[in-house]
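Novice: Just passing along the structure, written as structure tokens.
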Protein chains: 2
Amino acid sequence: MSTKQEKEFLKNYNIHDYDVPLTSVDIVIFSIRNEQVNVLIFKRNDFPYKDNWAIPGGFINIKRDKNIEQTALRKLKEKTGYTAPYLEQLGATGNNKRDPRGWSVTVTYFALVNAEEVELDEDTLWCPLDNDGHITQSKLAFDHSELIKEAFQRLRSKAQYTTIALHVLPEKFTLSELQKCFEIILGGKLNKSGFRRRITKGNVVEEIKGESKQTTTRMAQLYRKSGNEELHFYMREIYAR
Amino acid sequence: MSTKQEKEFLKNYNIHDYDVPLTSVDIVIFSIRNEQVNVLIFKRNDFPYKDNWAIPGGFINIKRDKNIEQTALRKLKEKTGYTAPYLEQLGATGNNKRDPRGWSVTVTYFALVNAEEVELDEDTLWCPLDNDGHITQSKLAFDHSELIKEAFQRLRSKAQYTTIALHVLPEKFTLSELQKCFEIILGGKLNKSGFRRRITKGNVVEEIKGESKQTTTRMAQLYRKSGNEELHFYMREIYAR
DNA sequence: CTTTTATGGTGTACTAAATACCCTATTGTG
DNA sequence: CACAATAGGGTATTTAGTACACCATAAAAG
């Protein structure tokens, strides 16, 4: 397939001969803390936007990373220690405005983690989002506030027809805790028995026989995730009011 | 905000000092012909994969393109003449294997067009897909077969809960023609009266008063798209068997 | 030690929006 | 003129939600 001419072409090909955009990976890391959706941000150490808050990310290391998902996982691991989180690509954003260094493309991922299992570095913090996915704290570097908002919209939308909220919980949890997570993400109340039917009917959680958790009132049955798939998809959206 | 130090940094910043990936945009253009989903492919004129079939695409022109969607629209217009098609970003694919020139990231878009309104250039053709989204003709350059398959899965999935199939039809169409398009995309038969209720209930199509179309049997009412949104989203998926 | 209260857990009536199946109308064709 | 084929639409059934009521249980209050 590969002709002599083609080999010649590839030998002479040098990307540095062309005007190319910057290409980076950013990652919106979600968790739930104090009954709010939170996002992990850190204070930048380098130009541009030095000393501003931003979401984790950076350039693809074309020596070390085999693919872009690996770049995202590497960044996530650096900031949270997580190696197997829920991770989904949100999409690419690219234009000539978003980075002062020039034309820039970023591939954004979002991850769900359990806040209890993350140890924060210095200059790293959880920042709560309001009901529209706006970050309530400081203004962020680049277009990161916009990326967070888009990721939040995707998260909320997916919570309506999948089991995505499972991924912010620890290994063991009660159904009320799970419902609470859905309600926080969806921004409204869910019907209890409808929710429990929906969750227990599919093969998405299983009782941990004999284990229950002390709450403020009566004991609650503990569950764990079951099924192998990352997400279970429902035929209908759930209704939060 | 912008300090002297930062200005200095930006002045000295040169992307050519770094090892960066190639970044391109590819576009999967769908239409329906002969009761099959088709994809537009063309014969490559340049290395690598010269003389192989591929989907349209290319590098971002950082002088002319303001953002990646513009790059995609530019490529689409070159091949089809369309300036306002249904266009959606599928996502980014990036790894060190897909392009012989080196580490490569591509942002894939997919578009829906009406085949009748496209004039094919030389070295350009419509190629039908089988029921799994596999291209039935030749092997394609790069990982383009894989990109097509992923785009087709997204298209089929969206046809289950949105009005996406509207975008492969001409301005005027009958409900039977619309149903046929959905069936082709979904790969199964739909229930007629259920389908008509679903379509006519939302504000997605409107009768063209007094206009009807001759079919092989009785006259059929003509409709046009209505509503301003690109897509209408339903709460439930439709069921094709 | 009893009562209150908050939450855990479940059952039932109602409802929305599908599917499944049926019927009638219209027009070209043998 | 009967018949085939598609347009167009009606109704019963099913599915999976919402709304709401009810009992259980353990901590806290009196």
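The values are calculated or read from the model by the stated rules, or taken from the named source; none is laboratory data. It should be emphasised that the depicted structure is a prediction, and the values quoted were computed from it without experimental measurement. Cβ sites come from the backbone with ideal geometry, for glycine too, and all protein chains shown count toward neighbours. Note: accessible area is taken over every heavy atom of the protein model, side chains too, but ligands, DNA and RNA are not part of it. Shrake-Rupley method; radii C 1.70, N 1.55, O 1.52, S 1.80 Å.
Novice: Heavy-atom accessible area per residue, segment A:1-121, 1.4 Å probe: how many Å²?
Specialist: Value for segment A:1-121: 48 Å² per residue.
Novice: OK, next. Leaving out ligands, DNA and RNA, calculate the buried accessible area for the pair A and B with a 1.4 Å probe, summed over both sides, in Å² to the nearest 100.
Specialist: 4100
Novice: Given the -39500 (n - 2.57) contribution per DSSP H run of 4+ residues, what per-residue ellipticity at 222 nm results for chain B, rounded to the nearest 500 deg cm²/dmol? If you can, show how the numbers build up before the last one.
Specialist: Working: 5 runs with 60 residues, N = 241.
Value at 222 nm, helices only, nearest 500: -7500 deg cm²/dmol.
Novice: A follow-up question, please. Each residue of segment A:80-85 in turn: what ³J(HN,Hα) in whole Hz from Karplus with 6.51, -1.76, 1.60 and θ = phi - 60°, glycine and Pro shown as x?
Specialist: Using θ = phi - 60°, the values come out as 10, x, 5, 10, 9, x Hz.
Novice: Right, another one. Put a label point 7 Å from Cα along the Cβ direction on A:Ile208, then list its distances to the equivalent points in the other copies in nm, shortest first.
Specialist: Label point to label point, same position, other copies: 6.3 nm.
Novice: In segment A:83-118, which residues give up 20 Å² or more of accessible area once the other protein chains are added, compared with their chain alone (1.4 Å probe)?
Specialist: A:Gln89, A:Ala92, A:Gly94, A:Asn96, A:Pro100, A:Arg101, A:Trp103, A:Val105
Novice: Can I ask one more? Quick one: with all protein chains in place, what share of the accessible area of the protein assembly as shown is carbon or sulfur, to the nearest percent (1.4 Å probe)?
Specialist: Answer for the protein assembly as shown is 45 percent, counting heavy atoms of protein chains only.
Novice: Turning to a different aspect of this structure: Return the long-range amide H neighbours of B:Val105 (sequence gap of 5 or more, or a different chain), with a cut-off of under 5 Å between placed amide H atoms.
Specialist: The list, which skips near neighbours in sequence, is B:Leu22, B:Thr23, B:Ser24.
Novice: Give the nm distances, rounded to one decimal, from A:Gly102 to the matching residue in every other copy, measuring between label points 7 Å along Cα toward the beta carbon; shortest first.
Specialist: The projected label point of A:Gly102 is separated from its counterparts by 1.3 nm.
Novice: Take peptide A:56-68, look around each residue's Cβ out to 10 angstrom, count Cβ atoms belonging to other protein chains, and average those counts. Intermediate results must be reported in sequence, preceding the final value.
Specialist: Numbers: counts 0, 0, 0, 4, 9, 2, 10, 3, 0, 5, 5, 8, 8.
Average per residue, whole number: 4.
Novice: Work out the charge dipole of chain B with +1 on the Cβ of Lys and Arg and -1 on the Cβ of Asp and Glu about the Cα centre, then indicate which of B:Thr23, B:Gly202, B:Tyr82 is farthest towards its positive end.
Specialist: B:Gly202
Novice: Let me ask something additional. Where the centroid of each part is defined by its Cα atoms, how far is segment B:32-67 from segment A:124-176 in Å?
Specialist: 36
Novice: Give the average, rounded to an integer, of partner chain Cβ atoms located within 10 angstrom of each Cβ in B:46-53.
Specialist: Mean partner-chain Cβ count within 10 Å for B:46-53: 3.
Novice: On to the next question. I'd like the Karplus ³J(HN,Hα) series for segment A:209-225: coefficients 6.51, -1.76, 1.60, θ = phi - 60°, whole numbers in Hz, and an x wherever there's a Gly or Pro.
Specialist: Per residue, the Karplus-derived 3J(HN,Hα) values read 3, x, 10, 9, 10, 6, 10, 5, 10, 7, 4, 10, 4, 8, 10, 9, 4 Hz.
Novice: Enumerate the calculated ³J(HN,Hα) couplings along segment A:21-28 in order (Karplus 6.51 cos²θ - 1.76 cosθ + 1.60, θ = phi - 60°), each rounded to whole Hz, writing x wherever the residue is Gly or Pro.
Specialist: In residue order, the calculated couplings are x, 6, 10, 9, 10, 10, 9, 9 Hz.
Novice: Which aspartates and glutamates, if any, have their Cα less than 12 Å from the Cα of A:Lys50, not counting same-chain residues under 8 positions apart?
Specialist: Within the straight-line limit of under 12 Å, A:Lys50 reaches these aspartates and glutamates: B:Glu6.
Novice: How far, in degrees from 0 to 90, does helix B:192-201 lean away from the longest principal axis of the Cα atoms of chain B, to the nearest 10?
Specialist: Approximately 70 degrees, to the nearest ten.
Novice: Right, here's the next one. Just to confirm the numbers: A:Leu125, label point 7 angstrom along the Cα-Cβ line, distances to the other copies in nm, shortest first?
Specialist: Label point to label point, same position, other copies: 6.3 nm.
Novice: For chain A, the longest stretch holding no chymotrypsin sites (Phe, Trp or Tyr not before Pro) located in a DSSP loop with at most 14 other Cβ atoms within 10 Å is which? All intermediate terms of the calculation are to be shown ahead of the outcome.
Specialist: Details: sites that count: A:Tyr18, A:Tyr239.
The longest such stretch corresponds to A:19-238.
Novice: With a ≥ b ≥ c the root eigenvalues of the C-alpha gyration tensor of the protein assembly as shown, is it rounded (a/c under 1.5), prolate (a/b larger than b/c) or oblate?
Specialist: Judged from the Cα gyration tensor, the protein assembly as shown comes out oblate (a/c at least 1.5, b/c at or above a/b).
Novice: Exactly which trypsin sites (Lys or Arg not before Pro) in segment B:20-57 are in a DSSP loop and have at most 14 other Cβ atoms within 10 Å?
Specialist: Here the sparse-neighbourhood loop sites are B:Lys50.
Novice: With Cβ to Cβ distances under 14 Å as the rule, what net charge do the other residues near B:Lys79 carry (K, R +1; D, E -1)? Let's see the in-between values first.
Specialist: Values: positive: B:Lys43, B:Arg44, B:Arg74, B:Lys75, B:Lys77; negative: B:Asp26, B:Glu78, B:Glu117, B:Glu119, B:Asp121, B:Glu122, B:Asp123.
Result for the neighbourhood of B:Lys79: -2.
Novice: Where does the charge balance sit around A:Leu112 when Lys and Arg score +1, Asp and Glu -1, over other residues with C-beta under 11 Å from its C-beta?
Specialist: After counting each charged neighbour, the total is -1.
Novice: Could you compute the longest span of chain B free of GluC sites (Glu not before Pro) located in DSSP loops and having at most 12 other Cβ atoms within 10 Å, not counting the site residues?
Specialist: Numbers: sites that count: B:Glu35, B:Glu119, B:Glu122, B:Glu171, B:Glu229.
The segment B:36-118 is the longest one with no such site.
Novice: Could you work out how far helix A:144-159 tilts from the main Cα principal axis of chain A, as a 0 to 90 degree angle to the nearest 10?
Specialist: Once rounded, one gets 40 degrees.
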